[in-house]
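Novice: Here it is: the structure, laid out below.
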Amino acid sequence: MLAFIRGRLLSGLLTVFGVVVLVFFLARLTGSPIDLFFPEGATPAQLDSFSRAYGLDRPLIEQFWVFLSNAVRGDFGMSVWQQRPALQAALSEMPATLLLTLIAMTVSVVIAVILGTVAAAFRFRLVDRVITIVTLITGSIPAFWFALVSILIFAIVYRLVPTSGAGNWQSWILPVATVSLGPIGVLTQVTRGAMIEVLSSGFVRNARARGFGSTRILYRHALRNAALPIIAVAGDIAASMVNGAVIVSVVFAFPGIGKAIIGAVLARDFPVLQACIVVVGVAVILLNLIIDLIYVVVDPRVRLS
Amino acid sequence: MNISAGLKALGLAALLSTAMVHVAMAEPTDRGITVALAVELDSLDACDTQPAQNANIARGNIYESLTHVSPVDGKLEPLLALSWEQVDELTWEFKLRPDVKFHDGSPFTAEVAAANINRSQPGAEIDGQEIACLNLTQFPEAVKAEAVDELTLRVTTPKVDPILPLRLSYADIGNLATQQTAQKSLSPVGTGPYQFVERIQGEHVKLTRFDGYWGEIPAVKDVTYVYRAEASVRAGMIETGEAQLATAISAQDATDDGRTVTYKDNRIVIARPNSFKEPFKDPRVRQAVSHAIDRDTIVTALMGIGGNPWYQMLGPQVNGYIPGFDETDALRFDPEKAKELLAAAKADGAPVDQEFVLVTRPDLFPGSDEVVQAIAQNLQSVGLNPRILSLENTAWRTYLRQPFPEEQEGSIVMLSHDNTSGDATFSFSGNYATCEGRNSATCNPEIDRLVFAADAAQGEERASLYQQAARIMYTQESTMIGIAEQVRLMMLGEGIQYEPNPLSGIEIRIADITFSD
Amino acid sequence: MKGDAIMSQSVGQPKLSWFQRSERWQMFTASPLVVTSAIWLLFIVLVALLAPALVAERANLQDLMSRFYAPFQFGKGLEFILGGDSLGRPILLQLAMGAQTSMIIAVFAVGISSAIGYAIGLVAGYFGGWVDNALLRIADILHTIPSILLALVVLFILQPSVFNVIIVLGITRIPVYLRTARAQTVEIKERTFVEVARSMGASHWRIITQEIAPLVFPTIRTLAVLEIAMVILAASSLTFLGIGLQRPDVDWGMMVADGKTYLKSAWFVAVFPGVVIVLTALSASILSNWLRAVEDPTQNILFARKPKARKGASQ
């Protein structure tokens, strides 16, 4: 068990290292931050002065070495624009991201499990068809379009929720809805498929034959067995949510690491970009590890390999 | 043309009433407001107030400068300096305002002012560490400031600089403690009417009224700044009451209930053909470009109240602006003339149908993508061969700036240029007009001669020399092709009174806001 | 196609789904939803093929007099039935031009990522060991890099174009196929016939291409069909964020982005392209769901992440 966790953490860290190396050089292919915030009339001497101050005039390899040797000690350098350590800039975005992911995943999993179970129970009947079609539709709506249209309808026309930001709980409604839309569709399909598979498998039929009530079978046995694929897919979705949610931050001005990454890319704030990538990478590794452990808890037959 | 004439009148009215608001006494209240801005600020340090997103919050609210450009008449007026004089060619002396306190209670003295100015200079170092302020762009060559006595400041320039007092209007003054470190300040301390409360990055900045302010105490107590990238969201926040002031509103979101207010900040949309590359080496091709663009139709239809057709690169408040140019020798819309010029150039061997790129940025101005597409269609219809290239800022600058790489294709760069200083030197010398200019895509010795002569001149003569250079640039050379004067829009919430002025793009003085209910 | 027939026959769970009781065509026609989806996709593909030749000129002709011309009116002819956009171009014809871009991006991005992912997955799964480890790690890295960064880098260096959007999406979707192909290969290579081939002295190349690849192929094909919907959505998100395309090229995401500022005054500019994206992605999902069910009802590729775990759980 411990060996397994250690192995996963090690290989995860290796991935994060690879990503950071790649990001370090990729990002620098897109030009320097000094060009961005100086007015068009700035003289080369003025630009040079700025690039010296941030060590951007040194050879790339040297910059990389400086970055690596500091990063090992947890120092990701100062943000070019924010006047605070890059790591702090990245970490301060995580609470919003994690909370949004947690809420959105809870909402989508609860809705999807209910819908998927109902669909499986009434398989091939009208209810099933309707649920399947509706969830396919929600999975086909582009998040950015849903976000725009929902702001217009719910915030501006009917004024039920704020247009943007993350101030009060109402302002979370539209972002949560936007990021949950796709996952609800996918997870409902997964739940339905898994439930059908479990229900048609031998042991449920045995249970039925032995006279267990159908509701009890559904909830006690089937759902428990169907949980693994749901957890697997939900875990993947959660990981990509931690990494992404760019649309939500762009349209709703919602805080989070996705916004920090896109902001750092556009502003060429390399230290913040690197710190964000590391923070996200570590979060995803931990998330995957947690999912693997949940596997064991849900179904002890699963072997950790 | 009626619309734009009306708007000009409106702009004038706005200026007049601004003056009146200044006179009217604001009653201090306990009320707070929320301001929705388009872009989050980067830095609140006194020496980083050059970019608009920083200036919007810091200038005139947290910080004040020694001198200030009047939004009413564009003239330089005293702020933290009461008066100034040129002692000799390279030396200036400023008498400072007494009894001014910083938010932390420390006094404003010549020593603090000198520290601020020196810290903003290119190459400035503290404890051996280079600082690199964004405001250093206002000083092409480092000046040196020192305190003569408590309230007298002496500044020496490396060469003759008649507009030093104007340059100092860009040097905001923070307290001494923040000036003695190379670190940028995170909790800014200035002398302005509002003091810093908190900044949560990515979310908001909060300010509150400073009761020890040397001037008049403003009406608004607390201010919260939030950032919303979408113009329609900013407008929506006014409608829903989430914000009381929203900047950079798009023309299509404008309301006609008096809550959408306009101002001009001498910002001009310009097309700049690169005369060093084909097909624009022949001046007739560049002139044809200007004749091909139907500014009246494009600007009226696509920019709405957000723009007026324009033929120069400067706004009317800048001394290089040529009065009456539109009616006299501007290269106005005339597709037949454009075709004739192209035919003549072609006959002389110019590759007029060679493909070139029409380079723009998505964030150039609201609706710029559409304007550029319309311009492309105009150019195509006279026989030119543009390809639109919409680039992100950094890549866009590779087309804007000298040196132009050998392999770079011919281009027209779309840009939006502002000059809030009122002096053409910030636009022309070393920038868009002269041979060595950073963003110049032309080289005409006559223009250089006129601009350099103007730089050393003063008053009427200075203006006249700049205008002569500008005329060559717009007609004979046709390298800076004016398209539209931008009109900026703001939206105000119920019960909020604010008259924007030409400086509202860079400083939104909360002290100018009053409540009408 | 023979393989498919065998596969659908070989499935021996009669009660599992309704479409197995009939022949393929009957299965197809029996579901109006599937037929409608297929017709819609066929229509989009046809439009994509024909639009550039027939309407390119009229689609891109700006006429500021038709700016925001209201939809569902016949005053300006059929081409303005869905209204005019912000530059007075007919939205209907713009959608047709966008269909071409969106389809090209979807088909080629899926093609590139599936081909590369398939090939690498086979190699990784077959050889195992450090090759496998290294390739999987690369897939993880690709998976973790924000696609928006990759997009900005590629487009900064190569300039925006349809081709470069394809490259970006193609690269970012490789890991999906790689993992699936690898997982299947690992399982298949343990089977007897592979052992037999190996003992008869077949080369690695031969075993991979002749013995394993054909068995992995159906999964990759189904996955690719499923991914088409994904890529249509992903491409439109990129162009919505203003990354990728350059006028006069247009796709549906870009049309939504162009219309978003006018949502209040001219809703149709952003709403129609959004509806077309939904319809197309939906049709692709319905078809791929159906295909998957027809080809192999027991296999649900959404479980591809943990094939071993699933097995343990359901038996």
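Novice: Looking at this structure, is A:THR132 farther than 30 Å from B:THR49 by Cα and either in a loop (DSSP other than H, G, I, E, B) or at pLDDT 85 or above (or both)?
Specialist: Details: farther than 30 Å from B:THR49 by Cα: yes; either in a loop (DSSP other than H, G, I, E, B) or at pLDDT 85 or above (or both): no.
No: the conditions fail for A:THR132.
Novice: One residue is enough: does the stretch B:135-144 have a residue meeting the conditions touching a Cys at 6+ places or on another chain (Cβ under 7 Å), within 22 Å of B:GLY422 (Cα to Cα) and in a helix (DSSP H, G or I)?
Specialist: Within the stretch B:135-144, one or more residues are touching a Cys at 6+ places or on another chain (Cβ under 7 Å), within 22 Å of B:GLY422 (Cα to Cα) and in a helix (DSSP H, G or I).
Novice: For the subset of the stretch B:240-268 comprising residues that are surrounded by 23 or more Cβ atoms within 10 Å (Cβ to Cβ) and over 21 Å from B:GLU507 (Cα atoms), which member is farthest from the chain's Cα centre (by Cα)?
Specialist: B:GLU242
Novice: What are the pairs with Cβ atoms under 7 angstrom where one residue, in the stretch C:238-251, is closer than 20 Å to B:ILE375 by Cα and the other, located anywhere, is of a type in the set (D, E, K, R) and at pLDDT 80 or above? Sequence gap at least six, or different chains.
Specialist: Final answer for the pair search is C:LEU245/C:ASP251.
Novice: I've got another one for you. Is there a residue in the stretch B:311-319 that is of a type in the set (A, V, I, L, M, F, W, C) and under 29 Å from C:MET65 (Cβ atoms)?
Specialist: Checking the stretch B:311-319: not a single residue is of a type in the set (A, V, I, L, M, F, W, C) and under 29 Å from C:MET65 (Cβ atoms).
Novice: Name the single residue that is farthest from C:ALA224 (Cα to Cα) among those in the stretch C:168-189 being of a type in the set (D, E, K, R) and surrounded by fewer than 24 Cβ atoms within 10 Å (Cβ to Cβ).
Specialist: C:LYS189
Novice: Yes or no: the stretch A:36-50 includes at least one residue that is under 25 Å from the mean Cα position of the chain (by Cα) and under 23 Å from A:PRO255 (Cα atoms).
Specialist: We begin by selecting, within the stretch A:36-50, every residue under 25 Å from the mean Cα position of the chain (by Cα); these are none.
Checked the stretch A:36-50: no residue is under 25 Å from the mean Cα position of the chain (by Cα) and under 23 Å from A:PRO255 (Cα atoms).
Novice: Also: Quick one: B:LYS281 ticks every box in (1) more than 13 Å from B:ILE412 (Cβ to Cβ); (2) basic (Lys, Arg); (3) in a helix (DSSP H, G or I) bar one, so which box is it?
Specialist: Tallying (1) more than 13 Å from B:ILE412 (Cβ to Cβ); (2) basic (Lys, Arg); (3) in a helix (DSSP H, G or I), B:LYS281 fails exactly one: (3).
Novice: Do we find a residue being among the hydrophobic types (A, V, I, L, M, F, W, C), at pLDDT 75 or above and farther than 19 Å from A:LEU266 by Cα anywhere in the stretch A:38-50?
Specialist: no
Novice: Inside the stretch B:61-78, can you point out the residues that are among the charged types (D, E, K, R) and in a loop (DSSP other than H, G, I, E, B)? Write out each step before concluding.
Specialist: Here is the first cut: in the stretch B:61-78, the residues among the charged types (D, E, K, R) are B:64, B:73, B:75, B:77.
Scanning the stretch B:61-78 gives B:GLU64, B:ASP73, B:LYS75.
Novice: Filter the stretch B:198-224 down to residues that are outside any loop (DSSP other than H, G, I, E, B) and touching a residue at least 12 places away in the same chain (Cβ under 8 Å), then give me how many there are.
Specialist: Final tally of qualifying residues: 10.
Novice: Evaluate the following for C:LEU16: is it at pLDDT 80 or above and either closer than 21 Å to C:PRO218 by Cα or part of a helix (DSSP H, G or I) (or both)?
Specialist: Judged against the criteria, C:LEU16 is not a match.
Novice: Of all residues in the stretch B:127-139 being surrounded by fewer than 21 Cβ atoms within 10 Å (Cβ to Cβ) and touching a residue at least 12 places away in the same chain (Cβ under 8 Å), which is nearest to the other protein chains (Cβ to nearest Cβ)?
Specialist: Per the stated criteria, the residue is B:GLU130.
Novice: Return the residue satisfying two criteria in turn: it lies in the stretch A:76-93 and is assigned to a loop (DSSP other than H, G, I, E, B) and touching a residue at least 12 places away in the same chain (Cβ under 8 Å), and of such residues it is surrounded by the fewest Cβ atoms within 10 Å (Cβ to Cβ).
Specialist: Among those residues, the one meeting the criterion is A:GLY77.
Novice: Within the stretch B:236-247, restricting attention to residues that are assigned to a loop (DSSP other than H, G, I, E, B) and within 14 Å of chain A (Cβ to nearest Cβ), which residue is modelled with the highest pLDDT?
Specialist: B:ALA243
Novice: Do you know which of the residues in the stretch B:295-321 that are assigned to a helix (DSSP H, G or I) and small (Gly, Ala, Ser) is nearest to the other protein chains (Cβ to nearest Cβ)?
Specialist: Going through the stretch B:295-321, the residues assigned to a helix (DSSP H, G or I) turn out to be B:295-306.
In the following step, the residues that additionally are small (Gly, Ala, Ser) were identified as B:301, B:304, B:306.
Working: B:ALA301: 4, B:GLY304: 10, B:GLY306: 12 Å.
Of everything passing the filter in the stretch B:295-321, B:ALA301 is nearest to the other protein chains (Cβ to nearest Cβ).
Novice: Is there a residue in the stretch A:95-115 that is buried (at least 16 other Cβ atoms within 10 Å of the Cβ), at pLDDT below 85 and of a type in the set (A, V, I, L, M)?
Specialist: Within the stretch A:95-115, not a single residue is buried (at least 16 other Cβ atoms within 10 Å of the Cβ), at pLDDT below 85 and of a type in the set (A, V, I, L, M).
Novice: Another one. Among the residues of the stretch C:75-110, what is the count of those that are part of a helix (DSSP H, G or I) and either buried (at least 19 other Cβ atoms within 10 Å of the Cβ) or without any contact (Cβ under 8 Å) to a residue 60 or more places away in the chain (or both)?
Specialist: Of the residues in the stretch C:75-110, 20 are part of a helix (DSSP H, G or I) and either buried (at least 19 other Cβ atoms within 10 Å of the Cβ) or without any contact (Cβ under 8 Å) to a residue 60 or more places away in the chain (or both).
Novice: Among the residues of the stretch A:114-159, how many are at the interface with another protein chain (Cβ under 8 Å from one of its Cβ atoms) and under 21 Å from A:SER249 (Cβ atoms)?
Specialist: 11
Novice: Say we look at the stretch C:133-168 and pick out the residues that are assigned to a helix (DSSP H, G or I) and over 23 Å from A:VAL20 (Cβ atoms); which of these is nearest to the other protein chains (Cβ to nearest Cβ)?
Specialist: Taking the stretch C:133-168 first, the residues assigned to a helix (DSSP H, G or I) are C:133-144, C:147-158, C:162-168.
Restricting the remaining residues to those that are over 23 Å from A:VAL20 (Cβ atoms) gives C:158, C:162-166.
Details: C:LEU158: 11, C:VAL162: 14, C:PHE163: 15, C:ASN164: 13, C:VAL165: 14, C:ILE166: 19 Å.
Across the stretch C:133-168, the extreme among qualifying residues is C:LEU158.
Novice: Out of A:VAL246, A:VAL250, report the one residue that is in contact with a Gly (Cβ under 8 Å, 6 or more places away or on another chain), at pLDDT below 85 and facing chain C (nearest Cβ under 9 Å).
Specialist: That would be A:VAL246, the only listed residue that is in contact with a Gly (Cβ under 8 Å, 6 or more places away or on another chain), at pLDDT below 85 and facing chain C (nearest Cβ under 9 Å).
Novice: Can you run down the residue pairs with Cβ atoms below 9 Å, 6 or more apart or on separate chains, where the first is in the stretch B:487-511 and at positive phi and the partner is crowded, with 22+ Cβ neighbours inside 10 Å?
Specialist: B:GLY495/B:GLN244
Novice: Name the one entry in B:ALA58, B:ALA36, B:ALA52 that is farther than 19 Å from B:PRO193 by Cβ, within 14 Å of another protein chain (Cβ to nearest Cβ), in contact with a Leu (Cβ under 9 Å, 6 or more places away or on another chain) and of a type in the set (A, V, I, L, M).
Specialist: It is B:ALA36.
Novice: Taking the condition touching a Gly at 6+ places or on another chain (Cβ under 7 Å) and either among the hydrophobic types (A, V, I, L, M, F, W, C) or more than 14 Å from chain C (Cβ to nearest Cβ) (or both), does B:PRO279 pass?
Specialist: Yes, satisfied.
Novice: When the residues of the stretch A:1-20 are filtered to those that are more than 7 Å from chain C (Cβ to nearest Cβ) and free of Cβ contacts under 8 Å to residues at least 40 places away in the same chain, which remaining residue is farthest from C:ASP140 (Cα to Cα)?
Specialist: A:LEU2
Novice: Looking for something in contact with a His (Cβ under 7 Å, 6 or more places away or on another chain), farther than 19 Å from B:ASN118 by Cα and more than 10 Å from every other protein chain (Cβ to nearest Cβ) - is there at least one such residue anywhere in the stretch B:251-264?
Specialist: Scanning the stretch B:251-264, I find no residue that is in contact with a His (Cβ under 7 Å, 6 or more places away or on another chain), farther than 19 Å from B:ASN118 by Cα and more than 10 Å from every other protein chain (Cβ to nearest Cβ), so the answer is no.
Novice: List the helices (runs of 4 or more DSSP H) inside the stretch B:389-477, counting only whole elements, that have at least 3 residues being within 14 Å of chain A (Cβ to nearest Cβ) and surrounded by fewer than 22 Cβ atoms within 10 Å (Cβ to Cβ). Before the answer, list the steps.
Specialist: On the way: elements: B:393-400, B:445-456, B:459-474.
In the stretch B:389-477, the matching helices (runs of 4 or more DSSP H) lie at B:393-400.
Novice: Here's another thing I want to ask about it. Listed residues C:ALA70, C:ALA59, C:ALA38; which is within 14 Å of chain B (Cβ to nearest Cβ) and hydrophobic (A, V, I, L, M, F, W, C)?
Specialist: Checking each option against the conditions leaves just C:ALA59.
Novice: Does the stretch B:176-196 include one or more residues that are under 19 Å from B:SER83 (Cβ atoms), buried (at least 16 other Cβ atoms within 10 Å of the Cβ), among the β-branched types (Val, Ile, Thr) and in contact (Cβ under 8 Å) with a residue 12 or more places away in the chain?
Specialist: Yes, there is a match, as at least one residue in the stretch B:176-196 is under 19 Å from B:SER83 (Cβ atoms), buried (at least 16 other Cβ atoms within 10 Å of the Cβ), among the β-branched types (Val, Ile, Thr) and in contact (Cβ under 8 Å) with a residue 12 or more places away in the chain.
The values are calculated or read from the model by the stated rules, or taken from the named source; none is laboratory data. What you see is a predicted model; the values in this text were computed from it and never measured. Glycine also receives a Cβ, built like all others from the backbone with ideal geometry; neighbour counts cover every protein chain displayed.
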